[in-house]
Amino acid sequence: MSLVESRLTLTVSYVLLGLFAFIALFPIALLVLNSLKPAAEIVQNPLGLPGPIRWQNFVNAWNHAKFSKTFVNSLVVSGTTIVLVCSTSSLTAYVLARKKIKSWKIFTFYLLATTTAPIQLYIFPLYFGFAKLGLINNIFGVALIYTALYSPFAVMLLRTYFIAVPKELEEAAIVDGATSWQVFWRVMLPIVSPGILTVALIIGLNSWNEFLIATTFLQKQENVTAVIAFYLLSGQYSSDWGEIMAAALIIVVPVVLLFVFMQKRFIEGMAGGSVKG
Amino acid sequence: MANVTIDKARKAYGPVEVLHGVSVDIRDGEFVVLVGPSGCGKSTLLRMIAGLENITGGTIGIGGRVVNDLAPKQRDISMVFQNYALYPHMTVAENMAFSLTLAGAPKAEKQKRVAEAAEILGLTPLLERYPRQLSGGQRQRVAMGRSIVRKPQVFLFDEPLSNLDAKLRVAMRAEIKSLHRRLATTTIYVTHDQVEAMTMADRIVVMNGGHVEQVGRPLDLYDDPQSMFVAEFIGSPSMNLLKGRFDSAVGRPVFKTNDGIVLPLPGSVSKPSGTEAIYGIRPEYFTIAPAGSGIPARIVVVEPLGPETQVTATVGGQTVVAMFHERISMQPDEIIWLQLQADRVCLFDTAGRRMT
């Protein structure tokens, strides 16, 4: 295989990549464009540049979707989910990766199997269970559901990170006098932190964007998450599309920012240098 | 500092026994090298001493205290691993101080001990770096520093040099040796490299298939191997081993190879004629004889190494390697006439045990 690609291959690659980038970015550009137009102009000319820029859309969106409250709800749900998933999954993954548990294959199969079951299958029994427990309209209850939902994925992902850590590091720590907990907390966890970050990012995105469970279990206006508040903006008979676009942009911004800031640490490998490499 | 007593130590993984009752006494301050081919159980034995593997049978004692059921940290040992096993998220100083941190040592004490160890190993300018910013040799030194800081009773080394390039390995060998002289801590060192074993050890423990073959000082093992395994393993190139039987047809006891070549025996040897045996002679005990006298050998390869010349030749159907201090300008397929020092011959029975 030659390392230098031919001109034709390069041209084709760039054309294709450009096409994909366009497909990915076009709707977002449209979103930004139309969030600055009045509703009437969007219907008349969705692709055109805005005439006078209408910032009022953002103000309306913020007020009508009660983002000052629903954003906090979303943050609490996502944050709680991240904390719960990362703490429980990292412990589980470490045990599955390192300790010789005879039934680990069965356990792994069980984890994988749960990820294949659709939410619709168990959302009703879950609802009634939560209703009995008085957990409807409780955002922490929703975080608990998310934790159960996303844990298998997190365990499977983190397990591969733990497996990649050389066993000698643990042994060195044991010889240095570390207890099992200290081995985990002071040696393993910092080394797999890129994996934990990845998990946190993915789980955070998923719970931020999750709709079905949130809309089922959170019914009071003051408890809904940002995504549901956004959904409620489109009325039965009329919708202000400018405002809806602005609201969508507001919801997307934190996610994009998170990704941009975490991307570097996301990729950065911590394991380099621990062993000869 | 302490002595280490290994008494009939056994290790089994389920039905598979990998160590069959190994006994070694290591004196206080001694540098002992465990050497053997891969799979001989040397690393397992070291890990049992460290407490990283359970002991299936027998006892291991450190400083007169049986440690079979003690956790690694209670054994007062430290270990250097083959791949260094430095904590990647800690600086050199933090790596070295980790055991003290875990033990809750005061900050001033930690700094003092780390500074001391760094001074000894020449790591002072690197203390704030991370392992990934260090070269292989530097990482190896940090791993040693981590051991020194603890001031343990016993140092354990598990093939610490096998990841380094040849030149660095020689340098580090000398460094570890001088470190041992300076600290005089009991050291157990595992390697598969017999050169490392020969150059570093006060005593060598040669292991094979979960047994101890022989324990002794390097040159004692070299000159006086108790088994064919040790004879072959220690020394490079290894001892020549020729198959044949005792014979007395020429009036005095001699050794006749399977191809009928007659080799001299030391005067003291008298074995019944016809007894099968293996004749061992080290490459450097050959000399060149005048043409027509001695043992005829057909040259296969001549390798001039500078200070000496290594000649591979066939004696009858069997290959021998000879080392000469003089330079030799002969070609393959020529006949070289060899003489050997009969008093340096080692004889082994067919089971590989030493006869004389």
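For the condition open to solvent by 10 Å² or more (accessible area, probe 1.4 Å), within 14 Å of another protein chain (Cβ to nearest Cβ) and modelled with pLDDT of 90 or more, what is the one hit in B:47, B:65?
Answer to the selection: B:47.
Please state which of the following conditions residue B:204 fails to meet, knowing it meets all the rest: (1) surrounded by fewer than 20 Cβ atoms within 10 Å (Cβ to Cβ); (2) away from chain A (no Cβ under 14 Å); (3) more than 29 Å from residue B:111 (Cβ to Cβ).
Condition not satisfied by residue B:204: (1).
Can you name the helices (runs of 4 or more DSSP H) wholly within the range A:96-181 that have at least 3 residues being surrounded by fewer than 19 Cβ atoms within 10 Å (Cβ to Cβ), at pLDDT below 90 and away from every other protein chain (no Cβ under 14 Å)?
Answer list for the range A:96-181: A:104-116, A:119-133, A:139-164.
Counting only residues that are among the polar types (S, T, N, Q) and within 11 Å of chain A (Cβ to nearest Cβ), which one in the range B:139-162 is farthest from residue B:109 (Cα to Cα)?
Among them, the one singled out is B:162.
If a residue must be under 17 Å from residue B:333 (Cα atoms) and crowded, with 19+ Cβ neighbours inside 10 Å, how many such residues does the range B:259-308 contain?
Of the residues in the range B:259-308, 3 are under 17 Å from residue B:333 (Cα atoms) and crowded, with 19+ Cβ neighbours inside 10 Å.
Residues A:231, A:237: which one is open to solvent by 50 Å² or more (accessible area, probe 1.4 Å), more than 14 Å from chain B (Cβ to nearest Cβ) and either modelled with pLDDT under 85 or under 30 Å from residue A:93 (Cβ atoms) (or both)?
A:237
So which residues in the range A:208-240 are of a type in the set (Gly, Ala, Ser) and over 14 Å from residue A:70 (Cα atoms), if there are any at all?
Passing the criteria: A:234, A:235, A:238, A:239.
If I filter the range B:119-130 for residues that are of a type in the set (S, T, N, Q), over 22 Å from residue B:79 (Cβ atoms) and either facing another protein chain (nearest Cβ under 10 Å) or open to solvent by 30 Å² or more (accessible area, probe 1.4 Å) (or both), do I get at least one hit?
Within the range B:119-130 (the criterion being of a type in the set (S, T, N, Q), over 22 Å from residue B:79 (Cβ atoms) and either facing another protein chain (nearest Cβ under 10 Å) or open to solvent by 30 Å² or more (accessible area, probe 1.4 Å) (or both)), the answer is yes, since at least one residue qualifies.
Taking the condition of being open to solvent by 10 Å² or more (accessible area, probe 1.4 Å) and under 16 Å from residue B:345 (Cβ atoms), how many residues in the range B:241-258 meet it?
Residues in the range B:241-258 being open to solvent by 10 Å² or more (accessible area, probe 1.4 Å) and under 16 Å from residue B:345 (Cβ atoms): 7 in total.
Using beta carbons and a limit of 6 Å, which pairs, at least six apart or on different chains, have the first residue in the range B:151-162 and part of a loop (DSSP other than H, G, I, E, B) and the second one hydrophobic (A, V, I, L, M, F, W, C) and open to solvent by 20 Å² or more (accessible area, probe 1.4 Å)?
B:153/B:1
Within the range B:74-105, work out how many residues are free of Cβ contacts under 8 Å to residues at least 24 places away in the same chain, of a type in the set (A, V, I, L, M, F, W, C) and closer than 14 Å to residue B:117 by Cβ.
Residues flagged as free of Cβ contacts under 8 Å to residues at least 24 places away in the same chain, of a type in the set (A, V, I, L, M, F, W, C) and closer than 14 Å to residue B:117 by Cβ within the range B:74-105 amount to 1.
Collect the residues in the range B:314-356 that are among the aliphatic types (A, V, I, L, M), closer than 21 Å to residue B:228 by Cα and not in a loop (DSSP other than H, G, I, E, B), keeping them in residue-number order.
B:315, B:320, B:321, B:322, B:323, B:340, B:342, B:347
From (1) open to solvent by less than 60 Å² (accessible area, probe 1.4 Å); (2) without any contact (Cβ under 8 Å) to a residue 24 or more places away in the chain; (3) within 24 Å of residue A:139 (Cβ to Cβ), pick out the condition that doesn't hold for residue A:51.
(3)
Kindly indicate whether residue A:242 is away from every other protein chain (no Cβ under 14 Å), out of contact with any helix residue (DSSP H, G or I) (no Cβ under 9 Å at 6 or more places or on another chain) and of a type in the set (Gly, Ala, Ser).
The answer is no for residue A:242.
Give the residue, chosen from B:184, B:201, B:171, that is more than 20 Å from residue B:78 (Cβ to Cβ) and aliphatic (A, V, I, L, M).
B:171
Output the qualifying pairs, or none if there are none: Cβ atoms under 6 angstrom, residues six or more apart or on different chains, first residue in the range B:287-304 and within 22 Å of residue B:264 (Cβ to Cβ), second residue small (Gly, Ala, Ser) and surrounded by 16 or more Cβ atoms within 10 Å (Cβ to Cβ).
Cβ pairs passing all conditions: B:297/B:313; B:298/B:313; B:299/B:313.
Going through the range B:68-81 one residue at a time, which ones are loosely packed, with under 14 Cβ neighbours inside 10 Å and part of a loop (DSSP other than H, G, I, E, B)?
Hits for the range B:68-81 are B:69, B:71.
List the number of the failed condition for residue A:41; all other conditions in (1) charged (D, E, K, R); (2) open to solvent by 50 Å² or more (accessible area, probe 1.4 Å); (3) closer than 22 Å to residue A:235 by Cβ hold.
(2)
Mind telling me which of the residues B:261, B:295, B:278 ends up being within 16 Å of residue B:320 (Cβ to Cβ) and more than 33 Å from the chain's Cα centre (by Cα)?
The unique qualifying residue is B:261.
The values are calculated or read from the model by the stated rules, or taken from the named source; none is laboratory data. Everything numeric here is computed off the predicted structure, so don't read it as measured data. Cβ: placed from backbone, ideal geometry, glycine included. Neighbour counts: every protein chain shown. Surface areas here come from the heavy atoms of the whole protein model, side chains and all, with no ligands, DNA or RNA. Shrake-Rupley method; radii C 1.70, N 1.55, O 1.52, S 1.80 Å.
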